[in-house]
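To start, the structure itself, in C-alpha cells.
The values are calculated or read from the model by the stated rules, or taken from the named source; none is laboratory data. Just so you know, these numbers come straight off a predicted model, no measurement behind them. Cβ atoms come from the backbone with ideal geometry, glycine included; neighbour counts cover every protein chain shown.
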Amino acid sequence: MPLDDRTRRSIIRDAVGIGVATGAYGLSFGAISVTAGLSLLQTAALSLLMFTGASQFAMVSLIGGGGSPVAGAATAVLLGTRNAFYGLRLSRVIGGPGQRRALGAQFVIDETTAMAVAPDSVDAARLAFWATAVSVFTLWNVGTLVGAVGAQAIPDPKTLGLDAAAPAAFLALLAPRMTGRHLWAVSLTAALVALASAPLVPAGIPVLLAALVTVVAGLRLEARGKG
Amino acid sequence: MSVWAAVIGASLGCYLLKLAGLSVPEELLNDRRVARIATLLPVALLATLAVTQTFTTGRHVTVDARAAGLAVAATAQLLRAPFLLVVASAAATAAAVRLLH
C-alpha cells in the first residue's frame with residue numbers, strides 16, 4: 001500500500017527535527033574533538049566515517065586524556081557493538097542483498113533505528129529510515145565542522161571549561177539508558193574499577209578494564225538468571 | 001598507532017558492526033548472554049567515561065573544576081534540560097570555578 005501524503009509529511013517532519021537536535025550534538029562533538037587535540041580533518045573524518053556519536057566522543061576524549069590511540073579505538077568499537085543489535089531489528093527495512101544494505105549499514109544508529117522501528121508498514125519504515133539517515137548525517141557533519149572551527153578559534157579551551165564538556169556529554173548520553181537496578185550496579189562497579197586502576201596502568205586502559213568487568217558481570221547475571 | 005590509523009581503524013570496526021547486524025544469522029545476536037552484554041556495555045562504558053574524564057588527569061586521580069561542572073550537568077539532566085544545555089552548563093561552571101580561583 002503506497003503511503004498517503006499526510007504520513008509522508010509527518011515522517012519527514014520528524015526526521016528533520018531529529019536532524020536538528022543531532023546537529024547540536026555535532027556542534028559539541030566538533031568542539032570537544034578539537035579541544036582534545038585532534039585536527040580539523042581528523043574530526044571531520046570521524047563524523048563522516050565512524051558516524052556514531054558515543055563512540056566518537058569516547059575516542060577523542062580518551063586520546064585527549066593521554067590515552068593511546070589503540071585504547072581509544074578499542075573503546076569506540078566496544079561502544080559501537082549496540083549498532084549490531086539495531087541492525088538486527090532493521091533487516092526488514094534495509095536487509096536483502098547488495099548495495100542498499102552496504103550503504104544503509106553506515107546509517108544504522110540510535111536515531112534511525114528509533115524512527116524506523118516505529119511505523120507498522122515496511123514502506124513507512126523505509127521512508128523513516130532513509131529520511132532520518134539523510135537529515136542526521138547532513139546536520140551531524142555540518143554541526144561537527146562548525147563546532148570544530150569555532151573551538152579552533154579559542155586560544156585556551158580550558159578557560160572556557162571545555163574540558164568539562166566531555167564528561168557532561170557522556171552523562172547526557174547515559175541518562176536515558178539508565179533503566180534498572182542491574183545497570184546502575186554494573187555501571188558503578190565498572191566506573192570504580194576504572195578510577196581505582198587509573199594510577200596503576202597507562203591512560204585509556206582503565207576504560208578497557210571497565211569493559212572487562214562489564215562482560216564478566218553480564219555473564220554472571222545471565223548465569224544466575226537475573227532479569 | 002597514529003591518531004589517523006585509529007580514526008580509520010575504529011571507523012571500519014564500527015561500520016562492520018553495523019553491517020554485521022544486518023548480515024549475521026539472527027540466532028547469534030539472539031543469544032541471551034550476548035544480548036545481556038550488549039545492553040550493559042554501552043551504559044557501563046558511558047558511566048565510566050563520565051567518571052574518569054572528570055576525576056583523572058593523566059594517571060592522577062584529581063578533584064577540580066570539572067567535578068563542579070559534572071554536578072551542575074547532572075542537575076540539568078535531572079531537570080530534563082536539552083543536551084546542549086547540559087553540556088554548556090558543565091563548561092560554564094568549570095570556567096566560573098577557575099575564574100574564582
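Kindly establish whether A:LEU48 is surrounded by 24 or more Cβ atoms within 10 Å (Cβ to Cβ) and modelled with pLDDT of 90 or more.
Criteria not met by A:LEU48.
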Query raised in the report: Can you name the number of the only condition in (1) facing chain A (nearest Cβ under 8 Å); (2) more than 16 Å from A:ARG177 (Cα to Cα); (3) surrounded by fewer than 22 Cβ atoms within 10 Å (Cβ to Cβ); (4) of a type in the set (Val, Ile, Thr) that B:THR75 fails?
Result: (1)
Query - Spans of helices (runs of 4 or more DSSP H) in the range A:67-171 with at least 2 residues touching a residue at least 40 places away in the same chain (Cβ under 8 Å) and outside the structural domain of A:LEU200 (by TED's automatic domain parsing) - result: A:69-79, A:110-116, A:122-152
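Check the range A:159-169 and report whether any residue there is within 21 Å of B:GLN53 (Cβ to Cβ) and surrounded by fewer than 23 Cβ atoms within 10 Å (Cβ to Cβ). Break it down into steps so the answer makes sense when it comes.
The initial filter retains those residues of the range A:159-169 that are within 21 Å of B:GLN53 (Cβ to Cβ), namely A:159-169.
Now restrict to residues that are surrounded by fewer than 23 Cβ atoms within 10 Å (Cβ to Cβ): A:159-160.
Yes, that holds for at least one residue.
Picking from B:ASP64, B:ASP31, which residue would you name as being acidic (Asp, Glu) and within 20 Å of the chain's Cα centre (by Cα)?
Result of the check over B:ASP64, B:ASP31: B:ASP64.
Can you name every residue in the range A:55-66 that is in contact (Cβ under 8 Å) with a residue 24 or more places away in the chain, facing chain B (nearest Cβ under 7 Å) and either under 15 Å from B:LEU29 (Cβ atoms) or within 14 Å of the chain's Cα centre (by Cα) (or both)?
A:SER55, A:ALA58, A:SER61, listed by residue number.
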**Report entry** Counted residues, the range B:69-88 - those being modelled with pLDDT of 95 or more and part of a loop (DSSP other than H, G, I, E, B)
**Finding:** 1
Query - Filter result (within 7 Å of chain A (Cβ to nearest Cβ) and either farther than 20 Å from A:ILE109 by Cβ or of a type in the set (Asp, Glu) (or both)) within the range B:18-46 - result: B:GLU26, B:ARG32, B:ARG33, B:ARG36
Query - Extreme residue, nearest to the chain's Cα centre (by Cα), among residues of the range A:176-208 that are closer than 17 Å to A:GLY72 by Cβ and facing another protein chain (nearest Cβ under 9 Å) - result: A:VAL207
Report task. Look at A:ALA76 and say whether it is surrounded by 23 or more Cβ atoms within 10 Å (Cβ to Cβ), within 7 Å of chain B (Cβ to nearest Cβ) and at pLDDT 90 or above. Result -> yes
